[in-house]
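Student: Sharing a structure here in structure tokens format.
The values are calculated or read from the model by the stated rules, or taken from the named source; none is laboratory data. Bear in mind that the values here come from a model prediction, so they are computed numbers and not experimental data. A quick note on method: Cβ atoms are made from the backbone with ideal geometry, for glycine too, and the neighbour counts reach across all protein chains shown. Only protein heavy atoms, including side chains, enter the accessible area calculation; ligands, DNA and RNA are left aside. Shrake-Rupley method; radii C 1.70, N 1.55, O 1.52, S 1.80 Å.
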Amino acid sequence: MPAFSTIMWVLGAVVLFFVLWFVGTGMLRSMTTPLPPPPPEGELRKVNVRYRCSICGSEVRMTLATDEDPPPPRHCGDEMDMVAPLYD
Ligand SMILES: [Zn+2]
């Protein structure tokens with residue numbers, strides 16, 4: 001029969017373990033919270049903008065964005081240059 005103080009130590013360790021575990025997983029969860037889902041399609045703006053990569057010359061066309069003046073996409077590690085909007 002272990003001494004009463006030994007039992008208290010073990011109980012304390014178990015409680016501490018669970019406290020740390022909950023705090024740890026809570027922090028982990030808050031850090032890995034997924035990005036909010038994109039807004040429904042109706043809230044997206046239809047845009048028609050072309051961007052050109054100043055490094056490799058690739059061009060992309062953006063047709064849907066969260067606002068009418070979206071931040072330029074990145075290519076080759078740099079922001080792409082906006083080419084005049086298309087009106088077609
Ligand atoms: Zn590029």
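Student: Let me test this: with uniform point scatterers at the alpha carbons of the chain, what is the Debye-based log₁₀ I(q)/I(0) at q = 0.14 1/Å?
Tutor: Here log10 of I(q) over I(0) equals -0.70.
Student: Compute the distance in nm between two label points, each set 7 Å from the Cα along the Cα-to-Cβ direction, one at residue 8 and one at residue 33.
Tutor: In this crude label model, residue 8 to residue 33 measures out at 4.0 nm.
Student: Roll a 1.4 angstrom probe over the protein heavy atoms and tell me the percent of accessible area of the chain that is carbon or sulfur. Don't skip to the end; give the middle numbers.
Tutor: Values: 4920 of 7380 Å².
Of all accessible area on the chain, carbon and sulfur atoms account for 67 percent.
Student: Now for a different question. Which whole-number value in Å² is the accessible area per residue of the chain, probe 1.4 Å? Could the numbers behind the result be given before it?
Tutor: Details: 7380 Å² over 88 residues.
In whole numbers, the chain has 84 Å² accessible per residue.
Student: Helix 4-31: angle to the longest alpha-carbon principal axis of the chain, degrees 0 to 90, nearest 10?
Tutor: In the chain, helix 4-31 runs at an angle near 0 degrees to the longest axis.
Student: Considering the dipole of the chain built from charges on the beta carbon (Lys and Arg +1, Asp and Glu -1) around the Cα centre, which of 83, 31, 14 is farthest to its positive end?
Tutor: The listed residue farthest towards the positive side: 14.
Student: Short version: what are the Cα gyration tensor semi-axes of the range 41-83, square root of 5 times each eigenvalue, largest first, in whole Å?
Tutor: On the way: eigenvalues 89, 17, 10 Å².
Sorted largest first and rounded, they come to 21, 9, 7 Å.
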